[in-house]
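The values are calculated or read from the model by the stated rules, or taken from the named source; none is laboratory data. Keep in mind that what you see is a predicted model, and the values were worked out from it rather than measured. Every residue, glycine as well, gets a Cβ built from its backbone with ideal geometry; the counts of neighbours run over all protein chains shown.
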Amino acid sequence: MTRSRGDELPAETTSLIGRNREVREVEAVLARARLVTLTGIGGVGKTRLALRVARRAGQQTGHGGAFPDGVRLVELSPLRNPHLLAHTVSAALGVPEQAAFPQEDVLAAFLADKRLLLVLDTCEHLVRPCADLATRLLTAAPGLRILATSRIPLGAPAERRYAVEPLADDRHAVALFLDRAAAARPDVETPLGEEAVRRLCRRLDGIPLAIELAAGRMRSLTVDQLNDRLDDRFGVLAGARVSAPRHQTMLTTIGWSHELCRPPERLLWARLSVFAGPFDEADARAVCAGPGLPAERVGRVLANLVDKSIVLRSGGRYRLLDTLREYGADWLVKLGEDDDLRHRHRDHYLDKARRFDEAWCGPDQIARLRRIRADHADFRAALEFCFGRTGAHASGLELAGRLTHFWTATGLLTEGRRHLDRALALCPEPSRANARALWAAALLAVTQGDPDAADRRLAECRAVLALVDDPHADAWATTIESVVAVARGRPTRAVAPAVAAQRAFARIGRPDVGALHARTVHGIALIDDRRLVEARDVLDDAREQALELGEDWLRSHAELFAGMTRLTLGDTAAARRSAVAALEVKQAFGDRFGCAVAVDLTAQIAAVQGEARRAAFLVGVADALWGSLRTDRVGAPLLIERHGECVSAVRRQIGDRAFTLLRDQGRTLDPDEGVARVLRGETPA
């Protein structure tokens, strides 16, 4: 099962008012149709309605519910590149990209046996790609249902449309206003004058976002003042030709809210529109401070926008609703600042990537990765900006390369390769950034089990290095040559480049994750070459070096393969300690590949210790992990050979039938649940 329960949906921070009938109707349509699209103008409440329906469905998960595999939300608003749609959905479902297959195929295979509700929120800018992907997934997965929100229908063959209308009942509109007004100004006098509130809500056409924006003004205005100012605003547009009156009402209300903001608030609203995803105050200060808005005032003005319901805050991060972001973006263009702000946004996230890259070989990697993962949407936006502007291609090349460890540690290998390939196609000229992107592309390729592509990129990298002096890139390229040799089952050829790379990094003279990588692959090559004592010593040394630096990612790699050597050398207790220690770290990183190798090792240890039933179950858990990666142990001879030996030994001990039953218990678990059970030491029934 997937980790997709109702309680993983965003928390409802405000009440949903006046939508009980719509909730029941959508549930009824969803019970009959497998693809339901909630349509309506921006601000009408499509997302809130979808989330309420999804939450109710999530509360009924389990074997007796309609969706035993849970509910998952995919927020598409930040996504601009349609080629990354399947990758975005996969990330929300926890489906790794660590396989050299089209991501649509990986996703379809993952969902094939699931009974799950998938919520695709904000599809209007990706209508055709969303329709195509939904059709593909629904065909592959009979138990899947999709609830989408979009201002326009998707146009997919199986689609049922449900039009979300504004609040038709004055009582509901008034109740919504009063609720939000009380939140904005707890000391407000009640009653406010129900007729005045009713008149205001009617003028706002019952559109929830418009009502909420108006209620947010109760901090400084009375209801009568709100009505007077809104009448003035509508009067300006009274003679306009309007093809969609409710849409015009929404725009008018937003424009009115904009006019009531002070100049610094309007300016910040416009500038914040360059953010594709959530941001923190430091991000806002770095990107948006400038003429008319000094850096020291950004925090206060941002708080004012939160108070006025223009900006939403969750924890320490902020975001604009799509409709308000679009309005701000239009104003940014009118101010003539669009190009400048997008360059500043690009520069800010390039600087973040540089700092992440330079600090990766050090302490707090998991926390650092978690922070940088929260900026994924804005890294994507910055890359798209670079690739779309002739003068920005070089920055895109550097940004894609600087995110190498982000791509590998998050398992976003296919996406990383796509960005690197685009950057290299746009910037083929020899340079240090070009060499960096080439060895990064080679590393991602071999990690995906594609050594041929890795060899091609390495050859290109060597050609660049013949023209550009870059010892760091040369050391990395040599390291990856060793990795490719191991992947091809040629350990003797892997040792020499691994040793050479370590010496090269030592000459550079600063701590680098590449040196640890070279040391670790050196130890793995020695295992494959049956030089076990040497391998153990090399891997122990790599682990100690990583501990000194506070580095966890490669330390857990070294720990894992050191456990393999200890098992073969007969020290099963030490091997078990290494396997558990590595698995704990790999789980914290969300590294499915590392988890799969670690669970395979625990199965082998159990088999040697005579725990055949547990070993069979662990084989199944490992199979589920490898299956989620769409690869059989990445084709690595060392891993395949040890797995085969383990399976044969367990079959001999308990017989084919018992082995199959116990293995299948492990295989049917969600991979992440399987890992959790392994760490808890649970044994099969």
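Odds and ends about this structure:
- The set of residues in region 268-284 being under 26 Å from residue 125 (Cβ atoms) and not in a loop (DSSP other than H, G, I, E, B) consists of 268, 269, 270, 271, 272, 279, 283, 284.
- For region 581-603, the set of residues classified as aliphatic (A, V, I, L, M) and surrounded by fewer than 19 Cβ atoms within 10 Å (Cβ to Cβ) consists of 581, 588, listed by residue number.
- The listed residue being in contact (Cβ under 8 Å) with a residue 12 or more places away in the chain, crowded, with 18+ Cβ neighbours inside 10 Å, outside any loop (DSSP other than H, G, I, E, B) and not assigned by TED's automatic domain parsing to the domain that holds residue 454, out of 522, 557: 557
- The combined condition, being buried (at least 21 other Cβ atoms within 10 Å of the Cβ), closer than 30 Å to residue 554 by Cα, touching a Leu at 6+ places or on another chain (Cβ under 7 Å) and hydrophobic (A, V, I, L, M, F, W, C), is not fulfilled by residue 284.
- Residue match in region 213-225 (condition: basic (Lys, Arg), more than 27 Å from residue 28 (Cα to Cα) and outside any loop (DSSP other than H, G, I, E, B)): yes
- Flag if residue 469 is free of Cβ contacts under 8 Å to residues at least 40 places away in the same chain, assigned to a helix (DSSP H, G or I) and surrounded by fewer than 24 Cβ atoms within 10 Å (Cβ to Cβ): no
Residue-wise test of (1) surrounded by 23 or more Cβ atoms within 10 Å (Cβ to Cβ); (2) among the polar types (S, T, N, Q).
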{"residue": "109", "(1), (2)": "no, no"}
{"residue": "127", "(1), (2)": "no, no"}
{"residue": "130", "(1), (2)": "yes, no"}
{"residue": "135", "(1), (2)": "no, yes"}
{"residue": "140", "(1), (2)": "no, no"}
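- Of the residues making up region 518-539, those that are at pLDDT 95 or above and within 31 Å of the chain's Cα centre (by Cα) number 4.
- No other residue among 232, 228, 224 is surrounded by fewer than 21 Cβ atoms within 10 Å (Cβ to Cβ), over 30 Å from residue 317 (Cβ atoms), in contact with a Gly (Cβ under 9 Å, 6 or more places away or on another chain) and at pLDDT below 90 apart from 224.
- Count - residues of region 485-495 that are under 32 Å from the mean Cα position of the chain (by Cα) and either touching a residue at least 40 places away in the same chain (Cβ under 8 Å) or not assigned by TED's automatic domain parsing to the domain that holds residue 511 (or both): 3
- Here residue 300 meets the list (1) closer than 17 Å to residue 352 by Cβ; (2) without any contact (Cβ under 8 Å) to a residue 12 or more places away in the chain almost entirely, failing just condition (1).
- Screening residue 114 on (1) closer than 30 Å to residue 442 by Cβ; (2) out of contact with any strand residue (DSSP E or B) (no Cβ under 6 Å at 6 or more places or on another chain) shows it passes everything except condition (1).
- On inspection, residue 425 does not qualify as buried (at least 24 other Cβ atoms within 10 Å of the Cβ), within 31 Å of the chain's Cα centre (by Cα) and assigned by TED's automatic domain parsing to the domain that holds residue 506.
- Filtered residue count, region 382-415, keeping only those that are closer than 17 Å to residue 277 by Cβ, touching a Phe, Trp or Tyr at 6+ places or on another chain (Cβ under 8 Å) and surrounded by 23 or more Cβ atoms within 10 Å (Cβ to Cβ): 5
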